[in-house]
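Structure record follows, encoded as structure tokens.
Here, each number is a calculation from the coordinates, and none is a lab measurement. Not measured: the values here are computed from a predicted model. With ideal geometry, Cβ positions are generated from the backbone for all residues, glycine too; neighbour counts draw on all protein chains shown.
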Amino acid sequence: MLSSVAVLAYDGFSTFGLGVTAEVFGTDRSAQGLPAFDFAITAERPGLVRTDAGVPVMVEAGLDRLAAADLGIVVCWRDVGIRPPEPVLAALRAVVGRGGRVLSHCTGAFVLAAAGLLDGRRATTHWQHGAELARRYPLVDVDPGVLYIDSGPVITSAGTAAGIDACLHLLRQEYGAAVANEVARQLVVPPHRDGGQAQYIPVVVGEENDPVSLAALHEWMLAHLHEPLTVEDLAARAYMSPRTFARQFAARTGTTPRQWLIRARVGRARELLEQSDRSVEQVASACGLTPLVLRRHFARQLGTTPQAYRRAFSQLSSA
């Protein structure tokens with residue numbers, strides 16, 4: 001189980017990246033029944049380190065602490081053209097070699113690639129740097145169109161905000177959907193964002209083509225997952241034709257209405273399996289799915305069955 005987390009600091013490292021990792025893993029929420037982590041900021045040379053905003057940070061732990069962590073995090077690297085120091089790369093390799101995991105934000109993927117940890121793996125980085133990552137490290141299968149990628153012991157994420165998605169994904173894996181959802185609620189962020197980086201590449205959408213807030217529609221969809229929602233139903237609620245609605249939905253979320261609903265329904269099913277004793281049939285019905293379809297989506301998204309997921313993550317007492 002994940003318990004020890006270390007983030008790499010260096011002169012000019014990301015203030016926001018540090019804030020994200022500290023907020024998710026460095027804040028003690030044990031009083032709310034949430035897991036607490038042994039969190040540390042580490043550096044090649046401990047001492048005073050300044051962030052990209054000039055904020056001074058006193059770092060007390062060295063690379064030995066990073067190498068010993070269950071999770072090592074690399075936030076945005078200062079210059080993708082500069083190779084990280086070998087001691088840093090060795091510490092990250094040591095994390096994975098011990099059976100731990102590493103996670104990168106944005107251009108932090110260049111550090112993991114330099115360490116050889118992305119060779120033969122699918123990975124992502126900020127969409128502006130995807131081509132450069134692929135050019136510099138041809139053994140890496142770069143996919144710049146997603147928010148984050150889980151590739152076994154290595155998790156890479158796109159822009160720094162996508163680092164929140166990656167961290168919550170890791171919490172979901174380690175502690176279940178309920179814990180990840182509660183941490184997301186305290187951070188006031190979505191527990192899971194569908195889609196990819198394409199939604200952040202500038203597009204021109206006229207005011208006349210956006211008569212309602214899709215964010216409000218998303219909230220309505222989450223409250224009606226048990227109903228047989230169709231694109232036609234959603235388009236009518238958004239006062240659009242089905243074709244226009246599907247196009248604008250994809251432009252803003254990076255996915256289709258159908259795929260968004262599938263993800264949301266599986267997410268709801270995970271919560272119910274963790275927090276209730278409802279049968280799989282009842283869970284499926286509450287999520288607008290048949291038991292067969294629910295099992296199919298669990299197999300595709302999670303590589304397991306609803307029953308096995310419940311055995312692993314149920315929060316109900318076995319007594």
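What to note about this one:
- Degrees between helix 242-253 axis and first principal axis of the chain (Cα, 0 to 90, nearest 10): 20
- DSSP beta bridge pairing in the range 4-187, given as percent antiparallel to the nearest 5: 30
- In this simple spin-label approximation, residue 98 and residue 276 carry label points 7 Å from Cα along the Cα→Cβ vector, and these lie 4.2 nm apart.
- Using just its DSSP H runs of length 4 or more, each adding -39500 (n - 2.57), the chain gives a mean residue ellipticity at 222 nm of -13500 deg cm²/dmol after division by all residues.
- Largest to smallest principal axis extent of the C-alpha atoms in the range 205-319, angstrom: 58, 22, 19
- Long-range amide H partners of residue 57 with built H, under 5 Å: 49, 50, 51
- Considering only the chain, percent of DSSP beta bridges that pair antiparallel, nearest 5: 30
- Each DSSP beta bridge with both residues in the range 92-160 is either parallel or antiparallel, and the antiparallel ones are about 45%.
- J(HN,Hα) series, the range 270-285, from Karplus relation 6.51 cos²θ - 1.76 cosθ + 1.60, nearest Hz, glycine and proline x: 4, 4, 5, 5, 6, 10, 9, 9, 4, 5, 4, 4, 5, 4, 4, 4
- Nearest 10 degrees, 0 to 90: helix 177-187 Cα axis against the chain principal axis: 70
- Using a simple spin-label model with pseudo-atoms 7 Å out from Cα toward Cβ, residue 222 and residue 308 lie 2.9 nm apart.
- Extension gain (nm, one decimal) between residue 233 and residue 139, 0.36 nm per residue minus Cα-Cα: 29.3 nm
- Cα pair distances in the chain, grouped into 10 Å bins until the bin that holds the longest one, percent each: 6, 24, 31, 24, 13, 3
- Those Cys residues of the chain for which no other cysteine Cβ falls under 4.7 Å: 167, 287
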